[in-house]
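Novice: This is the structure I have questions about; it appears just below.
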Amino acid sequence: MSAISTSTDIREDILRLKQKRNAVILAHNYQIPEIQDIADYVGDSLGLAFRAQETDADVIVFCGVHFMAETAKIVNPEKTVVLPDAEAGCSLEESCAAADLKAFLEENQEKNYYVITYINSSAAVKALSDVICTSGNAVKIVEAAPKDRPILFAPDQNLGAWVSQETGREMDFWDGNCYLHVEFTRESIQRIKDDYPDAAVVAHPECTTAVRLLADEVCSTEKMVDFCRSSESQNIIVVTEAGMLHRIQREIPEKNLIAGPTANCACAECRFMKMNTLEKLYNCLNELSPAVELDEEFREAAKLPIMRMLELSK
């Protein structure tokens, strides 16, 4: 049975429970503002992976999507890892099933692929990989890849194409994408640029090539904060999930941020990221459920490429 708080200020109940459980609340940049504001740390996948590895809390509450909580559990097997909504998935994770990747690698065994996998993937897929990457460190990870082996980049072909362009490294790409970022179009962004001709454009590398070509900067969500802070432009069009604007506006209130519209919607919100609510956050802290559980042998296999990523990212 649900244990929804009846307090007039659910924030107070969450903070009380956090102290009682010796918990840390990690929130992705795409979470709703109320969750970002109560979290101990807000960041991108790479930053939160480091936070998960470093924490001395007994309980990690991961406000994001399922693969993020799995990653925290992989590097913290002794800790309790919970997430507000276990159904909060990811279209990229869904685009690359472990069984399909395993079959592909077996069919192409003679190529001896060096498998670089985006963190937006399941623990089972991570276990089949040589190294993990995020949008924030993908260029560095590819640059460090052995030169005598072909690279398979999975599952985001748009991020892979951008990294290939940045590094000059040829790669084979898995046929996957973020359902939200591919909804941004050159036409939808150009319409906003026409209204704000002096605006700078910062876009996530999960966007298509046509959109990336319009951007003044292509980078991870964490690096978007730095770009917006240092940009001489007062108006900045932010082409990624709308939750990112709350994080940037909180840190850089003097800039006018404009949400990049998709072809069909003025406000680009990830349906998975927005499944988490304050009520669900309270419940998972109160019940310590839903919790992430992984088979130990399976977890160890997935840990190796994650730790390789963290070492290369220092």
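Readers should treat all values here as calculations from the given coordinates under stated rules, not as data from a laboratory. Being a predicted model, the structure only gives us computed values, none of them experimental. Virtual Cβ from ideal backbone geometry, glycine too; neighbours counted across all protein chains shown.
Novice: If you plug each phi of the stretch 90-101 into the Karplus form 6.51 cos²θ - 1.76 cosθ + 1.60 with θ = phi - 60°, what whole-Hz ³J(HN,Hα) values come out, in order, with x for Gly and Pro?
Specialist: In residue order, the calculated couplings are 7, 5, 5, 4, 5, 6, 9, 6, 4, 5, 5, 5 Hz.
Novice: Among the DSSP beta bridges whose two residues both lie in the chain, what percent are antiparallel, rounded to the nearest 5?
Specialist: 5
Novice: Rounded, prolate or oblate: which one fits the stretch 139-226, using the alpha carbon gyration tensor with axes a ≥ b ≥ c (rounded when a/c is under 1.5, else prolate when a/b beats b/c, else oblate)? Kindly include the intermediate steps, with their values, before the conclusion.
Specialist: On the way: a/c = 2.68, a/b = 1.91, b/c = 1.40.
The shape class here is prolate.
Novice: What's the center-to-center distance, using Cα atoms, between the stretch 274-289 and the stretch 169-232 in Å?
Specialist: If we compute the Cα centre of each part, the gap is 32 Å.
Novice: Can you order the peptides 25-36, 190-201, 141-152 by their average number of other Cβ atoms within 10 Å per residue, highest first?
Specialist: So the order, starting with the most tightly packed, is 25-36, 141-152, 190-201.
Novice: A follow-up question, please. Going down the list LYS126/LYS303; LYS79/LYS126; LYS140/LYS255; LYS223/LYS303; LYS280/LYS303; LYS223/LYS255, which pairs span over 18 Å between their C-alpha atoms?
Specialist: LYS79/LYS126; LYS140/LYS255; LYS223/LYS303; LYS280/LYS303
Novice: With 10 angstrom as the radius, rank LEU278, LEU83, LEU213 by how many other C-beta atoms surround their C-beta, starting from the fewest. Each step should come with its number before you reach the end.
Specialist: On the way: LEU278 20, LEU83 29, LEU213 11.
Ranked by crowding around the Cβ, least crowded first: LEU213, LEU278, LEU83.
Novice: Next question, about the same structure. When a/c reaches 1.5 or more, the comparison of a/b and b/c decides; with that in mind, is the chain rounded, prolate or oblate per its Cα gyration tensor?
Specialist: Oblate.
Novice: Starting from the amide H of TYR41, placed 1.01 Å from N in the peptide plane, find each other amide H under 5 Å away whose residue is 5 or more places distant or on another chain.
Specialist: ILE25, ALA27
Novice: For the pair LEU288/GLN190, report the inter-label distance in nm, with labels modelled 7 Å from Cα in the Cβ direction.
Specialist: 5.6
Novice: If a/c stays under 1.5 just call it rounded; otherwise compare a/b with b/c (prolate if a/b is bigger, oblate if not). Do that for the stretch 92-179, with a ≥ b ≥ c from the square roots of the Cα gyration tensor eigenvalues.
Specialist: Oblate, because a/c is 1.5 or more while a/b does not exceed b/c.
Novice: Explain nothing, just compute: Karplus ³J(HN,Hα) = 6.51 cos²θ - 1.76 cosθ + 1.60, θ = phi - 60°, for every residue of the stretch 144-151 in order, whole Hz, x for Gly and Pro.
Specialist: Couplings: 8, 5, x, 7, 9, 10, x, 9 Hz.
Novice: Let me have the relative contact order for the stretch 92-179, percent, based on Cα pairs under 8 Å that are six or more residues apart.
Specialist: Numbers: 147 pairs, mean separation 28.2, N = 88.
Reported relative contact order: 32 percent.
Novice: If each residue of separation counts as 0.36 nm, what is the full-extension length gain between ASP100 and LYS147 once their alpha-carbon separation is subtracted?
Specialist: This chain segment gains 14.4 nm when fully extended.
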